[in-house]
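One structure below.
The values are calculated or read from the model by the stated rules, or taken from the named source; none is laboratory data. For clarity, every value in this text was computed on a predicted model and none was experimentally measured. Backbone-built Cβ (ideal geometry, glycine too); neighbour counts: all protein chains shown. All accessible areas refer to the heavy atoms of the entire protein, side chains included, with ligands and DNA or RNA removed. Shrake-Rupley method; radii C 1.70, N 1.55, O 1.52, S 1.80 Å.
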Amino acid sequence: ETLDGSTECNGFDFHECIVGQALPPAFPTLAPTPSPTVTPYPTPDPLTTECVAEAEIRCIVTDPFLSDCEDLQAPSDLRCSDGAELTELVFEFTGNKCDGTELCEDLSEDPIPDEVYIEITDCETTGFYQASANQGDRITVNSRGNFLCPTIEISIQTLDFNLTAEANEGEELQTLVLPTSCLSAAEDVDGITLNEDYGALKLIRYTSDLDGVQTEFATVQMNYVVVNPGAFGASIASAQLSSGFSGDQDLVTSPTVVGARTELQLFTETVTVNLLESAETTFGFSLSIE
């Protein structure tokens, strides 16, 4: 029996015994509780469900890159702010002579040819640009942070590139020195001014720590999109566009289906705008769909 004397134990040997009543031969199990049933949401009737497709106009500036066109403004002052540190300069090669540009020297009386070789370095001999250029080409001088020297040196040469020596061996036609910071207007030196000719180069864009990006030209991309957030495809019969760049047109010539919860880009146009000439111009855009 147990130590408290309440139960008698029948032993088969000295190592095991049966206490209490033995289990029945077939031990019953409970059936699992059924999972709750869910009533499916009723399927909308395509004949009566409202179409929720919407027309959107998206504008970005691709050069210089700005994610929102509202951030694009014409320069209020062509000359960079006093004391500003330049971080990038973008020129257009014009082939002009010095014509009075300070720290510019023409080394040949002959006209500068349409195709030349240009080297742009600084006091650390950093090569900002070393390549051929044709008239109208853009020349970008990027400091990748800050210029380490107070000036950059520009050399315009005839094109005679030696592939073996990996160097241009042409005649030097023009040299030019430009500051890498915006000098005070009170000083007896020219500052950096947008749209100004500096010898054979015309400054069409600059970036500084105080002025941000100042540019004569900007490349604007307009995207015309239909968005359908609904549960059904939306059939678009007409998409009337009125663009300040390209005029009026219908972007849909036959019924077009925009899938459920998707969007469809109908048209894209890219235009380079002269901000100085268009400073007082307003461009209007509208897109309506049926």
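Using the average count of surrounding beta-carbon atoms within 10 Å as a protection proxy, the listed peptides 69-82, 244-257, 220-233 rank, highest first, as 220-233, 69-82, 244-257. Potential lengthening of the chain between Asp71 and Leu163 amounts to 28.7 nm, from the contour at 0.36 nm per residue minus the alpha-carbon distance.
With both labels modelled 7 Å from their Cα along Cα-to-Cβ, the Phe267 to Glu115 distance reads 3.9 nm.
Both numbers refer to the Cα atoms of region 80-227; Rg and Dmax are 16.6, 62 Å. Taking region 104-178 on its own, what percent of its Cα-Cα pair distances exceed 16 Å? Beyond 16 Å sits 52 percent of the P(r) for region 104-178.
Dipole magnitude for region 87-235: about 1080 debye, using +1 per Lys or Arg Cβ and -1 per Asp or Glu Cβ, origin at the Cα centre. Over region 137-290, accessible surface divided per residue gives 50 Å², non-protein components excluded, 1.4 Å probe.
In this structure, Glu171 and Glu88 have a Cβ-Cβ separation that, at R0 = 25 Å, corresponds to a calculated FRET efficiency of about 0.25. Once the chain from Leu148 to Arg58 is taken as fully extended at 0.36 nm per residue, the excess over their C-alpha distance is 28.5 nm. Would you work out if region 218-283 is rounded, prolate or oblate? Take a ≥ b ≥ c from the square roots of the eigenvalues of the alpha-carbon gyration tensor; rounded if a/c is under 1.5, else prolate when a/b is larger than b/c, oblate otherwise. Cα axes put region 218-283 in the prolate bin. Stretched out straight at 0.36 nm per residue, the stretch from Asp137 to Ala231 would grow longer than its current Cα-Cα span by 28.8 nm. Keeping the other protein chains in place, figure out the carbon and sulfur percent of the accessible area of region 42-176, with a 1.4 Å probe. Summing carbon and sulfur atoms, their accessible area is 45 percent of the total for region 42-176.
Largest first, the extents of the alpha carbon coordinates of region 172-290 on the three principal axes equal 69, 33, 26 Å. For region 187-249, with all protein chains in place and a probe radius of 1.4 Å, 43% of the accessible heavy-atom surface sits on carbon or sulfur.
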